[in-house]
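The values are calculated or read from the model by the stated rules, or taken from the named source; none is laboratory data. Quantities reported herein were computed from a predicted structural model and do not represent experimental measurements. Methodologically, a virtual Cβ is constructed for each residue, glycine included, from the backbone with ideal geometry; neighbour enumeration extends over all protein chains shown.
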Amino acid sequence: MNELLMLLSWPVMVLSLFFFATGSLGLLRFPDAVCRLHAVTKADTVGLGFLALAMALRADDWQARILLLAVWLLAMASGATTCQLLARYSRDHQGDSFNSSGGNSSGDIAVKSTPVKNTSSKLTPAKKGTNGNDD
Amino acid sequence: MIDLFLDSVIALLLIVLAAGALFSPTLFGGVTLFVAFGVTMALAWVRMGAVDLALAEAIIGAGLTGALLLIALRQSRRGGMVPPRKVHLLSAAAIMLPLAALLILTAWPARELSSPLPALAQANLDASGVTNPVTATLMNFRAWDTLLELAVLLLAFLGVKQLLPTHKHTLQPWPLLLAWSLHLAPLLVIAGCYIVWRGSDAPGGAFQAGALLAAGAVMLRLALVLPPLRWSQWPLRVLVVAGVLVFITLAALTAWLGEGWLDYPNGWSKPLIVMVEMVAALSIATTLTLLVVGEGEEIRS
């Protein structure tokens, strides 16, 4: 039974690696801060879940398995909250350096939250006159 | 083979992240890469078997120092890096390359040597009162070093405190941050107390637990749950000084009434170590909290 679980943990680990890799690829290639946050948070959380599952399959006792589950839940909650906070911050600071797709890297990040300036990012906040291509 | 591959990947990653943090075009990117460097360094410590160090590096080096740098960045109002001049790069290379060569030449034969210290620590573990050799070394065999470490932390904090400006800000925390910090703070308190208790048997200890508690306090302060923390409030002053004070009192008592300086009496090792670790954890937590979010005031708009 133990050998079977060990053998089963390998494809689960490969799956988790795949999710981590796609999350990082999205982080590098997506055009906008919010899209990048979306990719990283969702894909990395699922990847972490699969990794925790693989480790739980290899664990010795139930205490370790429950701990791994708790770690995954806490990482998921923390990731979701941080993603929301970062997305709101990037929405409030539209024209800053980290909000463009790696192009113009000037900008004062200590700018106080000014009204939304829609400069180069493709994100359109929920204003009245824009077509609804935001999520 | 897999081990060699993993270790070389981690080493390469460390160098790449350090170079990225130093030469990033924006200061914000540099700080982010520095935090990533701290986490990778913690991974490197785990690979070398020093789990206590990995915990301390992840919490203090990556977490609290990252928060400190971000707060400093917000107050500095500068977004871009000044690219280093050629003269600086050449002089840095002229100093660092011979030093690195000297270090490698001196340390190269040490790979084959084995230190007698781990065996000594293991042999005397029963007499030390705890079962974790790292804690036994830190809190019993070399307790003098830990006392000096706490004193150094206190001195560093006093020095920084002279330079800390009282900064006022008008930011209102988002309700999400408030709710999250209220959920996370009890977990951090539990984790901190557990780590300082478990330091006797497993990786843990006062520094790591104190840093966790400080992280919780910093989060609560940033969400404006805690009132402004200032050096002028006497409970904080008592907490900051308590670590060094209790340790020095213990040392003086053992020197005066006991066998020698920090020579714990028989059978008293474990209670004394636990007491010193708990007070030290509270003291380190207060010091780190004041370092990161001390002397701040908000003007509620």
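So for the stretch A:104-126 (the condition being within 14 Å of chain B (Cβ to nearest Cβ), in contact with a Pro (Cβ under 6 Å, 6 or more places away or on another chain) and modelled with pLDDT under 90), does at least one residue qualify?
Yes, the stretch A:104-126 contains a residue that is within 14 Å of chain B (Cβ to nearest Cβ), in contact with a Pro (Cβ under 6 Å, 6 or more places away or on another chain) and modelled with pLDDT under 90.
Could you list, in sequence order, all residues of the stretch A:26-55 that are without any contact (Cβ under 8 Å) to a residue 24 or more places away in the chain and either buried (at least 20 other Cβ atoms within 10 Å of the Cβ) or touching a Pro at 6+ places or on another chain (Cβ under 7 Å) (or both)?
Those that are without any contact (Cβ under 8 Å) to a residue 24 or more places away in the chain and either buried (at least 20 other Cβ atoms within 10 Å of the Cβ) or touching a Pro at 6+ places or on another chain (Cβ under 7 Å) (or both): A:36, A:52.
Those residues that are surrounded by 10 or more Cβ atoms within 10 Å (Cβ to Cβ), away from chain A (no Cβ under 14 Å) and at pLDDT below 80, I need them from the stretch B:66-116; list them, please.
Selection gives B:84 alone.
Can you find even one residue in the stretch B:164-176 that is part of a helix (DSSP H, G or I) and over 27 Å from residue B:54 (Cα atoms)?
Step one: of the stretch B:164-176, the residues part of a helix (DSSP H, G or I) are B:175-176.
Of the ones still in play, those that are also over 27 Å from residue B:54 (Cα atoms) are B:175-176.
Yes, some residue in the stretch B:164-176 is part of a helix (DSSP H, G or I) and over 27 Å from residue B:54 (Cα atoms).
Looking only at residues that are in a loop (DSSP other than H, G, I, E, B) and of a type in the set (Gly, Ala, Ser) in the stretch B:10-65, which one is farthest from residue B:198 (Cα to Cα)?
First, pick out the residues of the stretch B:10-65 that are in a loop (DSSP other than H, G, I, E, B): B:24-25, B:48-50.
Right, trim to of a type in the set (Gly, Ala, Ser) and you get B:24, B:49-50.
Numbers: B:24: 40, B:49: 18, B:50: 16 Å.
Filtering first and then ranking leaves B:24.
Which ones in the stretch B:122-150 are in a helix (DSSP H, G or I), surrounded by 14 or more Cβ atoms within 10 Å (Cβ to Cβ) and among the polar types (S, T, N, Q)? Please lay out each step first, then the result.
First, the residues of the stretch B:122-150 that are in a helix (DSSP H, G or I): B:122-123, B:125-128, B:133-141, B:143-150.
Within this subset, residues satisfying the condition of being surrounded by 14 or more Cβ atoms within 10 Å (Cβ to Cβ) are B:125, B:128, B:133-141, B:143, B:146-147, B:149-150.
Scanning the stretch B:122-150 gives B:128, B:135, B:137, B:140, B:146.
Inside the stretch B:19-61, can you point out the residues that are touching a Phe, Trp or Tyr at 6+ places or on another chain (Cβ under 8 Å), crowded, with 19+ Cβ neighbours inside 10 Å, under 19 Å from residue B:206 (Cα atoms) and in contact (Cβ under 8 Å) with a residue 12 or more places away in the chain?
B:54, B:56, B:57, B:60
Yes/no per residue for (1) touching a residue at least 12 places away in the same chain (Cβ under 8 Å); (2) surrounded by fewer than 17 Cβ atoms within 10 Å (Cβ to Cβ); (3) within 14 Å of chain A (Cβ to nearest Cβ); (4) not in a loop (DSSP other than H, G, I, E, B):
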position	(1), (2), (3), (4)
B:152	no, yes, no, yes
B:156	no, yes, no, yes
B:178	yes, yes, yes, yes
B:183	no, yes, yes, yes
B:186	no, yes, yes, yes
B:193	yes, yes, no, yes
B:201	yes, yes, no, no
B:207	yes, no, no, yes
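What single numbered condition from (1) within 14 Å of chain A (Cβ to nearest Cβ); (2) more than 28 Å from residue A:86 (Cβ to Cβ); (3) among the hydrophobic types (A, V, I, L, M, F, W, C) fails to hold for residue B:31?
Failed condition: (2).
Can residue B:130 be described as within 15 Å of residue B:271 (Cα to Cα), hydrophobic (A, V, I, L, M, F, W, C) and modelled with pLDDT of 80 or more? So that I can check it myself, show each step before the final result.
Numbers: within 15 Å of residue B:271 (Cα to Cα): yes; hydrophobic (A, V, I, L, M, F, W, C): yes; modelled with pLDDT of 80 or more: yes.
For residue B:130, the condition - within 15 Å of residue B:271 (Cα to Cα), hydrophobic (A, V, I, L, M, F, W, C) and modelled with pLDDT of 80 or more - is met.
So for the stretch A:72-80 (the condition being surrounded by 17 or more Cβ atoms within 10 Å (Cβ to Cβ), away from chain B (no Cβ under 14 Å) and free of Cβ contacts under 8 Å to residues at least 60 places away in the same chain), does at least one residue qualify?
Yes, the stretch A:72-80 contains a residue that is surrounded by 17 or more Cβ atoms within 10 Å (Cβ to Cβ), away from chain B (no Cβ under 14 Å) and free of Cβ contacts under 8 Å to residues at least 60 places away in the same chain.
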